[in-house]
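J.: My questions will all concern the structure given below.
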Amino acid sequence: MRLAERAAVAYAALFVVALSWRAYRGYEVFPVGEPGRSLLLGTLSAAGTVGAALLCYRFVPVFRSLADELAPGLIDGVKLRGLIATALFSGVGEEAFFRGALQPEVGIVWASLIFGLMHLGPGWRFLPWALWASLAGFVFGWLYLATGGLLAPMVAHALHNGVMLSLWKLERTRWNR
């Protein structure tokens with residue numbers, strides 16, 4: 001099974017669990033928030049997180065070495081459309097779960113920290129990556145609180161992942177020529 005197919009299955013399951021939990025707890029099942037404001041804030045937030053990630057990659061060697069270590073298994077051999085699909089699936093599934101189901105139960109701090117831990121990767125050397133994910137989780141959690149819906153954090157997360165995976169793929173393609 002390819003990356004995008006595995007992502008679709010895993011994140012669809014996470015999405016169903018999240019919405020089921022929201023229904024069970026008596027919350028609105030899928031709060032969108034105001035669409036125009038949510039799209040704008042989600043897009044602006046993604047621009048900010050992408051910019052910060054690019055600065056980290058450029059100026060913090062540990063981020064560059066972690067990216068180089070992960071790339072062969074995540075990027076190389078995967079078509080761009082598969083990476084974009086994976087970005088979309090992860091943005092929707094993870095935000096439904098972490099912001100939609102977990103954050104209302106444990107708060108923004110714990111939801112963000114757990115989100116970061118879920119990005120720890122294969123070993124403690126990925127702790128900087130997990131810390132980065134925790135910070136991104138705070139941004140996504142703030143979007144959820146600010147807009148009252150899941151659309152803004154989903155847009156921000158999916159755009160961030162889509163742009164970063166696409167740039168990563170482009171860089172790897174150029175580097176491997």
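The values are calculated or read from the model by the stated rules, or taken from the named source; none is laboratory data. Just so it is clear, the structure is predicted and the values come from calculations on it, not from any experiment. Note: ideal-geometry Cβ built from the backbone for every residue, glycine included; neighbour counts use all protein chains shown.
J.: Residues of segment 54-81 being in contact (Cβ under 8 Å) with a residue 24 or more places away in the chain, over 17 Å from P122 (Cβ atoms), part of a helix (DSSP H, G or I) and not basic (K, R), which ones?
T.: If the condition is that a residue be in contact (Cβ under 8 Å) with a residue 24 or more places away in the chain, over 17 Å from P122 (Cβ atoms), part of a helix (DSSP H, G or I) and not basic (K, R), then L54, C56, L80 are the ones that fit.
J.: If you don't mind, there's one more thing I want to ask. Return the only residue of G116, G149 being closer than 23 Å to I75 by Cβ and either under 11 Å from the mean Cα position of the chain (by Cα) or not in a helix (DSSP H, G or I) (or both). If you could, list the steps in order and put the result at the bottom.
T.: Values: G149 fails: closer than 23 Å to I75 by Cβ.
Unique residue meeting the criteria: G116.
J.: Can you tell me which residue within segment 130-147, out of those that are farther than 18 Å from Y11 by Cβ and of a type in the set (G, A, S), is surrounded by the most Cβ atoms within 10 Å (Cβ to Cβ)? Break it down into steps so the answer makes sense when it comes.
T.: Initial filter on segment 130-147 (farther than 18 Å from Y11 by Cβ): 130-132, 134-135, 138-139, 141-143, 145-147.
Going one step further and asking which of them are of a type in the set (G, A, S), we end up with 130, 134, 141, 146.
Details: A130: 18, S134: 19, G141: 23, A146: 15.
Across segment 130-147, the extreme among qualifying residues is G141.
J.: Which condition number does V17 fail, the rest of (1) among the β-branched types (V, I, T); (2) surrounded by 14 or more Cβ atoms within 10 Å (Cβ to Cβ); (3) closer than 23 Å to I75 by Cα being met?
T.: Condition not satisfied by V17: (3).
J.: Could you please give the count of residues in segment 152-177 that are over 19 Å from the mean Cα position of the chain (by Cα) and within 10 Å of G91 (Cβ to Cβ)?
T.: Within segment 152-177, the first condition is being over 19 Å from the mean Cα position of the chain (by Cα), and the residues that meet it are 170-177.
Still in the running and within 10 Å of G91 (Cβ to Cβ): none.
Qualifying residue count, segment 152-177: 0.
J.: Yes or no: segment 51-63 includes at least one residue that is closer than 14 Å to V92 by Cβ and over 16 Å from the mean Cα position of the chain (by Cα). Steps first, answer last, please.
T.: Our first condition is that a residue be closer than 14 Å to V92 by Cβ; within segment 51-63, this holds for none.
No, there is no match, as no residue in segment 51-63 is closer than 14 Å to V92 by Cβ and over 16 Å from the mean Cα position of the chain (by Cα).
J.: Something else about it: Quick one: Y57 ticks every box in (1) crowded, with 17+ Cβ neighbours inside 10 Å; (2) of a type in the set (S, T, Y); (3) within 28 Å of Y27 (Cβ to Cβ) except a single one, so which number is it?
T.: (3)
J.: Right, L145: out of contact with any Cys (no Cβ under 7 Å at 6 or more places or on another chain), over 19 Å from I84 (Cβ atoms) and not β-branched (V, I, T) or not? Talk me through it step by step, then tell me what you get.
T.: Values: out of contact with any Cys (no Cβ under 7 Å at 6 or more places or on another chain): yes; over 19 Å from I84 (Cβ atoms): yes; not β-branched (V, I, T): yes.
Yes; evaluated as a whole, the condition is true for this residue.
J.: Something else about it: Report yes if some residue within segment 30-37 is part of a helix (DSSP H, G or I) and either over 25 Å from A111 (Cβ atoms) or charged (D, E, K, R) (or both); otherwise report no.
T.: Going through segment 30-37, the residues part of a helix (DSSP H, G or I) turn out to be 35-37.
Still in the list and also either over 25 Å from A111 (Cβ atoms) or charged (D, E, K, R) (or both): 36-37.
Yes, the conditions are met somewhere in segment 30-37.
J.: Kindly list, by first and then second residue, each pair from a residue in segment 109-121 that is within 14 Å of G141 (Cβ to Cβ) and touching a residue at least 12 places away in the same chain (Cβ under 8 Å) to a residue that is part of a helix (DSSP H, G or I) and not small (G, A, S), limited to pairs with Cβ atoms under 6 Å and residues at least 6 apart or on different chains.
T.: Final answer for the pair search is A111/F98; A111/L102; A111/Q103; S112/F138; F115/F98.
J.: Which members of segment 20-42 meet the condition of being of a type in the set (S, T, N, Q) and surrounded by 14 or more Cβ atoms within 10 Å (Cβ to Cβ)?
T.: Step one: of segment 20-42, the residues of a type in the set (S, T, N, Q) are 20, 38.
Passing the criteria: only S38.
J.: I would also like to ask the following. Name, by its number, the condition in (1) within 18 Å of L143 (Cα to Cα); (2) part of a helix (DSSP H, G or I) that does not hold for W21.
T.: The number of the failed condition is (1).
Okay, residues lined up against (1) crowded, with 19+ Cβ neighbours inside 10 Å; (2) touching a Leu at 6+ places or on another chain (Cβ under 6 Å); (3) modelled with pLDDT of 95 or more; (4) not polar (S, T, N, Q):
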| site | (1), (2), (3), (4) |
| --- | --- |
| A67 | yes, no, no, yes |
| L70 | no, no, no, yes |
| G91 | yes, no, yes, yes |
| A101 | yes, no, yes, yes |
| H119 | no, no, no, yes |
| P128 | no, no, no, yes |
| L165 | yes, yes, no, yes |
| N176 | no, no, no, no |
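J.: Given the structure, is A133 small (G, A, S) and under 16 Å from T86 (Cβ atoms)?
T.: On the way: small (G, A, S): yes; under 16 Å from T86 (Cβ atoms): yes.
Criteria met by A133.
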